[in-house]
Structures are given as structure tokens and as C-alpha cells.
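The values are calculated or read from the model by the stated rules, or taken from the named source; none is laboratory data. Since the model is a prediction, treat every value here as computed from it, not as a measurement. No Cβ is skipped: glycine too gets one built from the backbone with ideal geometry, and neighbour counts run over all protein chains shown. Side chains are part of the model used for accessible areas, which takes the heavy atoms of the whole protein and leaves out ligands, DNA and RNA. Shrake-Rupley method; radii C 1.70, N 1.55, O 1.52, S 1.80 Å.
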Amino acid sequence: MKYVSPRQVIFPGDPVATSDESVEGAVYIDEGKYRASSIGLVEFRDNKIVVVPLEGSYRPKPGDVVIGYVTDVLASGWEVDVRAPLAAWLPVNEATAKYIDLEKTSLTSLLNVGDAVIAAVKDVDLTDEFPVMLTLREGERLGKIESGLVVELSPVKVPRVIGKKGTMISTISELGCDVIVGQNGRIWAKCPGPEAELALLQVIEKIDRESHVAGLTDRVRALIERYKGGGSARP
């Protein structure tokens with residue numbers, strides 16, 4: 001038995017369906033019923049009920065592209081904030097292919113506290129002091145961020161920024177901005193001018209605020225068309 005309908009917003013503890021239904025996402029089983037484990041949006045996909053969380057922290061997985069800030073310089077690498085409950089670090093041998101003599105070279109000459117990087121998650125080992133290992137060597141366009149801006153939104157809303165089959169990110173690209181979406185909810189962008197930057201910020205704000213509302217891509221497209229037409233992107 002189902003207790004929900006498509007596009008319904010549900011809250012922690014709300015019943016979703018009985019345990020004989022096929023349910024995935026942010027749920028747990030309690031006395032024969034699936035219940036929501038966080039605030040979420042109900043979707044019906046291929047005879048399954050999927051509860052998409054609308055809140056939550058980033059959970060690193062190998063291969064994820066993330067945007068992080070250096071928070072400490074260690075003896076052989078850097079501690080990096082990737083908005084996860086697990087500590088992350090970037091070893092020096094994963095930051096550059098060049099040999100670095102640590103006795104003669106200060107790591108601050110490569111990356112210092114406060115620097116931003118686009119990195120990939122290489123490994124996750126919960127037994128390590130720093131469970132998340134990052135790399136700048138295994139992927140395209142990874143490295144220190146030298147220009148542009150970084151925008152944040154809830155990590156669970158990253159799929160809405162990308163959209164089904166990339167429809168949303170394709171729409172956003174019409175602003176003329178170069179964009180990289182980190183799975184940890186940080187987005188790097190380099191736009192052709194301040195007007196495009198402002199429009200991008202307004203688009204991201206709209207996605208973050210209205211991710212649970214149907215027809216979001218069409219509303220974002222309309223907002224971008226207003227900007228391209230010379231008007232304000234703000235509704």
C-alpha cells in the first residue's frame with residue numbers, strides 16, 4: 001500500500017508505503033512501513049517509489065569531483081574542507097606529478113590555507129585518520145582555482161543543477177559561463193562579465209529554493225531568456 005503521491009513533499013517519520021512495496025532513497029522501515037528519514041520529495045520511477053532527500057550532508061564516493069578549501073598545511077600534503085563529515089586530505093604526490101623535495105620546498109608555495117581546488121575523490125577509507133583522499137591528477141580540469149567564483153547550495157540538490165540527461169546544466173550554459181559542478185554542492189563558474197555572474201547566482205539561488213517544485217527547468221530557462229534579452233534575470 002502506498003501512502004504518498006508523486007511530487008509530494010514529506011517530512012521525517014511520514015509513512016511512505018508498506019514494506020511489500022518497492023521503495024528507495026531516504027527511508028527506513030518501522031513496524032512494516034517505510035518512513036521518510038529526512039525531508040524529501042516523492043518520485044515514482046519504474047514501479048518504484050523514490051524519496052529524494054531535500055536536506056543532507058555530502059557523502060564522498062571515489063570518482064566524485066568536488067570543490068574544496070585548504071584548511072591546513074600538513075607535513076606531506078594539505079587538509080581540505082569538502083563539506084563532508086569525514087576529514088579529507090590531498091597528499092603532495094596526488095597534487096603534482098613533479099618530484100617535490102619536502103626538505104627544500106615549502107608546501108605553501110603550491111597551496112596555502114584558504115586556496116580553493118577542484119579535486120577528485122580517489123579513495124574513502126574509514127579506518128584512516130583522513131578517510132577521504134583527494135587527487136588532482138586523475139581527471140580533467142582539476143587543480144587550484146585561480147579565477148572565477150564559487151557558489152554553494154545543498155549537496156542533495158546537485159542532481160537538480162545537472163538535470164535529467166544534463167538538461168538543466170545545458171540551460172545554465174546559455175549564460176555563457178564555464179561551469180563545473182562539484183558533487184559536494186559547490187559550483188565553480190567563470191562568466192563573461194558581472195551581469196552574467198549575477199544572473200548565474202540568481203539561477204543557483206532559484207534552483208536551491210525551488211528544487212522540489214515541478215517545471216523548474218522551464219522557469220530557469222525563462223529567467224535566462226530575460227537576462228539574454230537585456231532585462232534583469234530576477235523574476
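Listed here are the residues, each with its yes/no results for (1) acidic (Asp, Glu); (2) on the phi < 0 side of the Ramachandran plot; (3) in contact with a Ser or Thr (Cβ under 6 Å, 6 or more places away or on another chain).
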position	(1), (2), (3)
Thr18	no, yes, no
Glu24	yes, yes, no
Ser38	no, yes, no
Val42	no, yes, no
Pro60	no, yes, no
Gly63	no, no, no
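Considering only residues that are in a loop (DSSP other than H, G, I, E, B), open to solvent by 40 Å² or more (accessible area, probe 1.4 Å) and either among the hydrophobic types (A, V, I, L, M, F, W, C) or at pLDDT 95 or above (or both), which ones fall in region 113-132?
Filtering region 113-132 down to residues in a loop (DSSP other than H, G, I, E, B) leaves 113-115, 125-131.
Pick out the ones that are also open to solvent by 40 Å² or more (accessible area, probe 1.4 Å) and you get 113-114, 125-129.
Scanning region 113-132 gives Val113, Gly114, Leu126.
Out of all the residues in region 84-94, is one or more at positive phi, assigned by TED's automatic domain parsing to the domain that holds Ala120 and either assigned to a loop (DSSP other than H, G, I, E, B) or aromatic (Phe, Trp, Tyr) (or both)? Looking through region 84-94, none of the residues is at positive phi, assigned by TED's automatic domain parsing to the domain that holds Ala120 and either assigned to a loop (DSSP other than H, G, I, E, B) or aromatic (Phe, Trp, Tyr) (or both). Selection of region 135-192 for residues being in contact (Cβ under 8 Å) with a residue 12 or more places away in the chain, among the polar types (S, T, N, Q) and open to solvent by 30 Å² or more (accessible area, probe 1.4 Å) yields Ser147, Thr167, Gln183.
Answer yes or no as to whether Thr96 is without any contact (Cβ under 8 Å) to a residue 24 or more places away in the chain, polar (S, T, N, Q) and surrounded by fewer than 18 Cβ atoms within 10 Å (Cβ to Cβ).
Values: without any contact (Cβ under 8 Å) to a residue 24 or more places away in the chain: no; polar (S, T, N, Q): yes; surrounded by fewer than 18 Cβ atoms within 10 Å (Cβ to Cβ): yes.
Criteria not met by Thr96.
Apart from one condition, Ile10 fits all of (1) at pLDDT below 90; (2) open to solvent by 50 Å² or more (accessible area, probe 1.4 Å); the exception is (2). In region 13-36, the residue that is least open to solvent (accessible area, probe 1.4 Å) out of those that are assigned to a strand (DSSP E or B) and modelled with pLDDT under 90 is Gly25.
Of all residues in region 60-83, which are open to solvent by 50 Å² or more (accessible area, probe 1.4 Å), assigned to a loop (DSSP other than H, G, I, E, B) and under 18 Å from Ile180 (Cα atoms)? The answer is Lys61, Pro62, Gly63, Arg83.
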